[in-house]
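A short worksheet on the structure shown next.
The values are calculated or read from the model by the stated rules, or taken from the named source; none is laboratory data. For clarity, every value in this text was computed on a predicted model and none was experimentally measured. Note: ideal-geometry Cβ built from the backbone for every residue, glycine included; neighbour counts use all protein chains shown. With ligands, DNA and RNA removed, areas are computed over all heavy atoms of the protein, side chains included. Shrake-Rupley method; radii C 1.70, N 1.55, O 1.52, S 1.80 Å.
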Amino acid sequence: MKHEMISPNKDYPFKVFAFTSRNPDRLISTHWHESAELLYCLKGKLEVRFPQVTYILEPGDMLFINSNIVHSSRSPLPNEVFVMQFPLRFLHEMTQNQYNERFLFNLAPTKEKNEVLQRVLNRIYHTYREDDLAANLLVKSRTLEFLSILIKSYSIPIATKQSIKSLKHLERLKKINEFVQENYSQSLKLEQVAEVFNYDPAYFSRFFKKYMGIPFSEYVNTVRLEKAYYQLRDTDMTVLDIAMANGFFSVKSFYNVFKKNYTLSPQQYRKKYFK
């Protein structure tokens, strides 16, 4: 899990891009960011997991992830997804400081597709790639149109106290995350980390599972697995060396965690997708 910093595109007050995943089961580990995020599935499938609920996005589905919401994603099928990420400051300016203070957005996949929103997002998607002044203005105006529709039809009231409480949890989780990011290659037992942060182990286990949606040991393995994934893809390191470098301490342990998440062994995955 990590707190992700998001920078807007050049000439835009937000970030807009499309990504394609050709490797089934590609995992983006648990993270959060202050910027809100809109995911619009164009092809294939995208699984987005929150602590309490999981969505499977198919072509035409869209999902709005509000500011500072913990989530992860996985590509069960090769896909293409259009993404818009809105800095909190930008949303404050566009909503007269009401977003994340008085309301949040509630936009998730449903059986009936919203054709109006689809048309707006399709226009933004096709226009932003033209990369000239006229296209730039159109993207901005259509983005405001999109936000207007969200405010009118997809906004829900927010309890301020609950928002403040959630931010406190994120600050605590951020410190735990930083510790794990610095020490993932070492042995990280729940009891040891709980002691570092002055938590009772049983309380720490419940706290982490409640606000992250996964057990602490699974989270540590996710961090290790993400590091290992890039080494498997980008280097000629042996599977044993990758396992040792990322805190698995045995090929068998690495093999079991990798296959659980990617359905193939590390060797099979490297051969199929990276050779």
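A compact table of results
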item: Derived scalar couplings ³J(HN,Hα) [segment 205-211; Karplus, 6.51 cos²θ - 1.76 cosθ + 1.60; whole Hz; x for Gly, Pro]; result: 4, 5, 4, 5, 5, 5, 9
item: Helical contribution to [θ] at 222 nm, DSSP H n ≥ 4, -39,500 (n - 2.57), averaged over the chain, rounded to 500; result: -15000 deg cm²/dmol
item: Proximal charge balance of Leu138 [Cβ under 9 Å; K/R count +1, D/E count -1]; result: +2
item: Nearest 10 degrees, 0 to 90: helix 216-234 Cα axis against the chain principal axis; result: 80 degrees
item: Spin-label pair Lys209/Met237, simplified geometry with 7 Å Cα→Cβ offset, distance in nm; result: 3.1 nm
item: For segment 186-259, alpha-carbon Rg relative to the globular expectation (2.2 N^0.38 Å, N residues); result: 1.24
item: Rounded to 10°, Cα long-axis angle of helix 115-128 versus longest principal axis of the chain; result: 80 degrees
item: Hz values of 3J(HN,Hα) by residue in segment 96-103 - Karplus curve (6.51, -1.76, 1.60), Gly and Pro given as x; result: 6, 6, 8, 5, 6, 10, 10, 8
item: Ile69 versus Arg123: modelled label distance in nm, points set 7 Å from Cα along the beta carbon direction; result: 2.5 nm
item: Linear extension gain, Asn198 paired with His31, 0.36 nm per residue minus alpha-carbon span; result: 57.8 nm
item: Phe17 paired with Ser185, simple spin-label distance in nm, labels 7 Å along Cα-to-beta-carbon; result: 2.6 nm
item: Residue-normalised accessible area of the chain, given per residue in Å² at a 1.4 Å probe; result: 53 Å²
item: Cα convex hull volume per residue for segment 1-137 (Å³); result: 121 Å³
item: The chain - percent of accessible surface contributed by carbon and sulfur, probe 1.4 Å; result: 50 percent
item: Volume per residue that the Cα convex hull of the chain spans, once the total is divided by residue count, Å³; result: 140 Å³
item: Alpha carbon centroid spacing (whole Å) that separates segment 223-250 from segment 139-158; result: 43 Å
item: Added length on full extension, which subtracts the Cα-Cα distance from 0.36 nm per residue, His92 to Thr54; result: 10.9 nm
item: Highest average packing first - 258-270, 9-21, Cβ atoms within 10 Å; result: 258-270, 9-21
item: Degrees between helix 160-183 axis and first principal axis of the chain (Cα, 0 to 90, nearest 10); result: 40 degrees
item: Relative contact order, percent, the chain [alpha-carbon distance under 8 Å, six or more residues apart]; result: 17 percent
